[in-house]
1. Which residue out of 123, 111 is in contact (Cβ under 8 Å) with a residue 12 or more places away in the chain and in contact with a Gly (Cβ under 9 Å, 6 or more places away or on another chain)?
2. In segment 27-42, how many residues are assigned to a helix (DSSP H, G or I) and either in contact with a Pro (Cβ under 6 Å, 6 or more places away or on another chain) or within 21 Å of residue 86 (Cα to Cα) (or both)?
3. Please state which one of 116, 100, 112 is under 12 Å from the mean Cα position of the chain (by Cα), farther than 28 Å from residue 33 by Cβ and surrounded by 12 or more Cβ atoms within 10 Å (Cβ to Cβ).
4. Where residues in segment 120-143 are surrounded by fewer than 14 Cβ atoms within 10 Å (Cβ to Cβ) and assigned to a helix (DSSP H, G or I), which of them is modelled with the lowest pLDDT?
Amino acid sequence: MAEEQAVAQDQDNQPGFSIEKIYVKDISLEIPNAPQVFIQREAPQVGIELSNSASAVEDGIYQVLTTVTVTSKVEDKTVFLIEVAQAGIFQIRNVPQENLEIILSVTCPNILFPYLREAVSDISTRAGFPPVLLNPINFEALYAQQKQEQAAQANGSTTH
């Protein structure tokens, strides 16, 4: 009996990661200059902005949000604007704090990105435009860059 409790207690302390739910938290499409944009012949310029955030929902449960804004313009006129916030709820247990940040900033966005990519492509197609295919994102490199910027800001603020 005591051995079973020790085994159960040992399992309770094991690191754990699971996907609880993946969902679209927010989605938006704007075509402010329709129907004129559909008869234009000029190729639009497409801009993409991406962001990540994470928040604790309860002990060991986190929501990660990967948000993209896709803006298509011809000169100064917006052809379309697509915003998608792809969310996931993840259970992360018994992970050291220094590893938790990497999981929330790299692992979880890597899981969410294919869903985000599909949503953006689907919306652009349904709006009457060619599909917008987001290029793969290296979330590890983005995380490293963000850490370097934070370190530079911290060093810069201590010298003033």
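The values are calculated or read from the model by the stated rules, or taken from the named source; none is laboratory data. In this text, all values refer to a predicted model and were calculated from it rather than measured experimentally. Here Cβ is always computed from backbone atoms with ideal geometry, including for glycine, and neighbour counts include all displayed protein chains.
1. Values: 123 fails: in contact with a Gly (Cβ under 9 Å, 6 or more places away or on another chain).
The conditions single out 111.
2. Qualifying residue count for the region: 0.
3. Values: 116 fails: farther than 28 Å from residue 33 by Cβ; 100 fails: under 12 Å from the mean Cα position of the chain (by Cα).
Only one candidate qualifies: 112.
4. 141
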